[in-house]
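Down below is the structure, laid out as structure tokens.
The values are calculated or read from the model by the stated rules, or taken from the named source; none is laboratory data. Just so we're clear, the structure is a prediction, and the values are computed from it rather than from any experiment. Here the Cβ positions follow ideal geometry from the backbone for every residue, glycine too, while neighbour counts run over all protein chains shown. Accessible surface is based on the protein model in full, side chains and every heavy atom, while ligands, DNA and RNA are left aside. Shrake-Rupley method; radii C 1.70, N 1.55, O 1.52, S 1.80 Å.
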Amino acid sequence: MLFAQQALGTVDLKEILRNVVKSMNVFLDYREKYYGVSAKDEKTAIETAQYQSNDALIKSKLVEYQRWWSANKGASINLP
């Protein structure tokens, strides 16, 4: 939805990337905490992409995370 707003010119790309990366960081924290998947390298990659305004990489990471979630959302989690 945010990228659609950017296409319409109603929201600045930097603002969109900031919001998307913020949400992706929440997902990565959740995945690390409950599924044991390290988030350090992924966070570095998306933060670098945000800094460089690389929306193509952000979009590809978003698709990657959506696929991961679809495949793993029914798996058992680790409770801290």
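Scanning region 64-80 for residues that are open to solvent by less than 60 Å² (accessible area, probe 1.4 Å) and either free of Cβ contacts under 8 Å to residues at least 12 places away in the same chain or over 9 Å from the mean Cα position of the chain (by Cα) (or both) yields TRP68, ASN72, ALA75.
Taken together, LEU17, LEU57, LEU2 contain a single residue that is surrounded by 13 or more Cβ atoms within 10 Å (Cβ to Cβ) and at pLDDT 95 or above, which is LEU57. For region 8-62, the set of residues classified as among the acidic types (Asp, Glu) and either in contact with a Phe, Trp or Tyr (Cβ under 6 Å, 6 or more places away or on another chain) or closer than 25 Å to LYS73 by Cα (or both) consists of ASP29, GLU32, ASP41, GLU42, GLU47, listed by residue number.
Within region 27-80, count every residue that is in a helix (DSSP H, G or I) and either on the phi > 0 side of the Ramachandran plot or not polar (S, T, N, Q) (or both). Spell out the reasoning first.
Of the residues in region 27-80, the ones in a helix (DSSP H, G or I) are 27-35, 40-51, 55-72.
Then drop every residue that is not either on the phi > 0 side of the Ramachandran plot or not polar (S, T, N, Q) (or both), which leaves 27-35, 40-43, 45-47, 49, 51, 55-59, 61-65, 67-69, 71.
Looking only at that region, the number is 32.
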